[in-house]
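Colleague: What follows is a structure written as structure tokens; I'll ask about it next.
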Amino acid sequence: MKILDVLLRHNGDVGLAVVYIVGMPGSGKTTLTYTLISKIVERVGRERIHYVRTREIKDVFELINPEREYQIFFVDDAMKKQNARRSMSSENLEIYEKLPDVRHIAREKGLKEGKIIIFIAAQVPRGVDLVIRNFAKFTIFKSMNLYEDEHRRILHALDIPYYEIVDWIDGVISENPEELSRALIITQSGRWGWLKFTPQNGVKPDVDNYFVIEEKEEKEEEVEEVQTDDINELIREEIKKMKRSRKWKKKAEIMERLMQGETRLRLSEIYGIPESTLGDYSNQAMGELRRRIGLKYEGVVAKKLQDMGFENVRRMGGQSEPDILAEKDGEKYAVSVKIYNYGRHRHSLPISEFTPELKWADENGGKAYAYYTNLRWGESYFFEIPRGSDLVTLKKGKGPIN
């Protein structure tokens, strides 16, 4: 199988190969990935492989084992928390953009020679899809049925919006169960062909964060009632909790000190860690902080709106629904709640991010507003969502700009 030759080749250095497998639930993405991993194990031997199965892309940076030649990561259902109307969050998008840097981190951890192979199985999420395809060795479209004419539509339109690919996958309905064992594969150069395989069972991972994460998320989402409307107070409390955690203590400390203005050079001397690793640690801690804050953030904003004089404040947040509905001075408001980890001085969001609020306002004679908090800036803005542009742009210290 030529795909294995490409994946395993590393030429005496630390190499990287990303395989991006796209398909709707039940289309066979996991089965295909299991089969490819099993083939790799057959080819090189299990004793040379460190294998991690996870739903967290950040684990690719954290769980490298330099004692094994081949590092295999299976990021399954990678964007589980993304729903159809939300783009990939900023900190997660930045992690995907930095994925090629995992080679340097592996070298710093002591991997002198080998190959890092990352399988990313997902539906087609906005924002991150093109990022992955830019450096994936192979992009594989997986569906329950495969007709060549339908696949040619994809081959001629790889730059089309994500929803058109989803529509195509939805339209290719299963008529022949045996076709589960075929997939359309596209290389970085644009060459394409059929990938045929016999399904095999998965290999037991050395590290399996898949179900651990599931249980952790379900437990942690049972959050206590929010008592404050001060987002900065909430941030301080969550950082304190992270610093009491064995897993997050050092990373939270580094993140906090960087937020307070200390330089990477100074912290590199204090902690004895390369500057590049400090940046990764800070990004990972900020992603965890954002996740923790996100569980409570809508509650914080709801309380804030009440303190601002809004009445009948209701949290909605379902798919295709506004996040919050409220009333004030006889006006109806649909409020989009946004929290981001964005370090640059300017941040732009596609207007499609606010479609539920804009649509609700049009249909109900109300106003569409956004409550935006940027964790890196330490700033929040409450503003009416501008119309007439494809982007909503905010600037540090100034809020929304035209």
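The values are calculated or read from the model by the stated rules, or taken from the named source; none is laboratory data. Predicted model, so just to flag it, every value in this text is computed and none were measured. Glycine also receives a Cβ, built like all others from the backbone with ideal geometry; neighbour counts cover every protein chain displayed.
Colleague: Taking the stretch 324-366 only, how many residues are among the acidic types (Asp, Glu) and at pLDDT below 90?
Modeller: Residues in the stretch 324-366 being among the acidic types (Asp, Glu) and at pLDDT below 90: 1 in total.
Colleague: A further question follows. Restricting attention to the stretch 367-386, and to residues there that are over 20 Å from Ala252 (Cα atoms) and small (Gly, Ala, Ser), which single residue is modelled with the lowest pLDDT?
Modeller: Out of the qualifying residues, it is Ser380.
Colleague: Kindly indicate whether Val18 is touching a Lys or Arg at 6+ places or on another chain (Cβ under 9 Å) and either outside any helix (DSSP H, G or I) or without any contact (Cβ under 8 Å) to a residue 12 or more places away in the chain (or both).
Modeller: Taking the combined requirement at face value, the residue satisfies it.
Colleague: Any residue at all in the stretch 266-282 that's within 17 Å of Asn374 (Cβ to Cβ), under 20 Å from the mean Cα position of the chain (by Cα) and buried (at least 19 other Cβ atoms within 10 Å of the Cβ)?
Modeller: yes
Colleague: Can you name the residue in the stretch 383-396 that is in contact (Cβ under 8 Å) with a residue 40 or more places away in the chain and surrounded by fewer than 19 Cβ atoms within 10 Å (Cβ to Cβ) and is also farthest from Lys296 (Cα to Cα) among such residues?
Modeller: Applying the filter and picking the extreme gives Asp390.
Colleague: Select, from Tyr340, Tyr371, the only residue that is of a type outside the set (A, V, I, L, M, F, W, C) and in contact with a Phe, Trp or Tyr (Cβ under 6 Å, 6 or more places away or on another chain).
Modeller: Tyr371
Colleague: Could I ask something else about it? Can you tell me which residues in the stretch 348-359 are closer than 15 Å to Met316 by Cα and surrounded by fewer than 20 Cβ atoms within 10 Å (Cβ to Cβ)?
Modeller: Thr355, Leu358, Lys359
Colleague: Would you mention how many residues in the stretch 256-312 are small (Gly, Ala, Ser) and touching a Ser or Thr at 6+ places or on another chain (Cβ under 8 Å)?
Modeller: Qualifying residue count, the stretch 256-312: 0.
Colleague: If you don't mind, another one. For the stretch 21-32, enumerate the residues that are under 21 Å from the mean Cα position of the chain (by Cα), part of a helix (DSSP H, G or I) and buried (at least 21 other Cβ atoms within 10 Å of the Cβ).
Modeller: Lys29
Colleague: For the stretch 243-285, what are the residues that are among the aliphatic types (A, V, I, L, M) and either part of a helix (DSSP H, G or I) or at pLDDT 85 or above (or both)?
Modeller: Ala252, Ile254, Met255, Leu258, Met259, Leu265, Leu267, Ile270, Leu278, Ala285
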